[in-house]
Amino acid sequence: MSAGHDIDYAALIDRLIRDFRPAQRLWPAGARLASWILFEAAILILGLGVGGYANLRALSHNPEQLIGISIFLSASIATAFLALKSAIPGRELTRPQMGIAIAIVVVAFAFEPGGRPSEILETIPILMPQLFGLAALPWLCMFWAVRRGVPVQPEMTGAATGMAAFCLAAALLGIITGTARVPGSGAALALSCTVVIVLSALAGRLWLNWIARWQQEGVAAEFSAWNWTGFSSRAVFPLTLSAATAVFIFFLRSAGPPIAHVPEFDLAIDSYERALDGFHPNVPSTSMDTMLSAYVDHGMPAYMWDFDAEGFKLVGGRWDPLPDGTPVTYTWFRGAKGGVMCIFKQTDTFNPPRITHDEQRHLLFYRYRDFSLCLINVGGYGNFISVIAAPIPLKQLEHLVLAAML
């Protein structure tokens, strides 16, 4: 970061007189911050429109991710205020303030899923371009806002600008992708944040360092040192704004979880929704034992949870192979408020989807399409998987399934 500058005031006054011209009044930092907050609100509304309001409902069942998104938004507003304030001489950004801002962002990373090194390496090439694309427009707008001032510490101001844009992009990406996050995204976010801050600090050193530019001795000296870093704002800003907007729109429309379609989950959810209109067993279902015996006759495992103690009564079961001949059973439990669908499906290999989940007693719990799902690899019965689906909060499904195991 830049140290203090030894200013040649005589040269500075001469230069100011040569370049003296009317200038627009610089808004107070608070007013510019209010504009930034409105800008953030517009960006997030766009994200909700792209990701679908169903994502917001899904996030409401995942308080940890909602907290992470809220922290990113708070950090974006806080660092934006620091960047705007630091563009006013005498109101420089201090290292403790920057340290607190970084600490807040680190706390937000704690709410993102971790992962093994191999998963992190797979996730980084997917998430980093999305984050850079979503941060491009916010960064340019904030950078141009602070450029109208005179940052005495251009690198610090640039770093704060980059952090504000990154935090907004991270929150936006969380809203777009909903709860379908992949393992390793926390490390990918941390690396992306570091790269954005470093690049933004470098941009601040090159294009926010007005004092160093004014200190150049004479016009010729200035041009020899700054010709490649100086530019005409009237010509460049519209071009860069158009490019940044195009990049932002592209990534806004394309950003999303690497895995957006899990066939087994779709099968369980679709069968649940059909069961609400009327479930008609096609195997003997007078009791759990008779139903499981019928399943065994069709080559399916005699393995099932009984949710009767939790208020879900057995309605019955169906054996309905898929069009390609894959054996599948559907077992429907009905309660006072909704139901629980449990499917068994034969499979060649067990490949659980790489989206965020909880693991309890070797059972995998997911949020997907406003449903909570439990995925089980049924051992000892050949290659079968079971999916339990219900439109209830994830923790409630975990309690339901674990209680049925006791």
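The values are calculated or read from the model by the stated rules, or taken from the named source; none is laboratory data. Predicted model, so just to flag it, every value in this text is computed and none were measured. Backbone-built Cβ (ideal geometry, glycine too); neighbour counts: all protein chains shown.
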Subject >> Qualifying positions in the stretch 265-304 - in contact with a Ser or Thr (Cβ under 8 Å, 6 or more places away or on another chain), crowded, with 18+ Cβ neighbours inside 10 Å and modelled with pLDDT under 90 >> reply: M300, M304
Subject >> Among (1) surrounded by fewer than 24 Cβ atoms within 10 Å (Cβ to Cβ); (2) under 21 Å from L73 (Cα atoms), the one test that A135 misses >> reply: (1)
**OP:** Could you figure out which of (1) touching a Lys or Arg at 6+ places or on another chain (Cβ under 7 Å); (2) under 19 Å from P113 (Cα atoms); (3) surrounded by fewer than 18 Cβ atoms within 10 Å (Cβ to Cβ) isn't true of L394?
**Re:** (3)
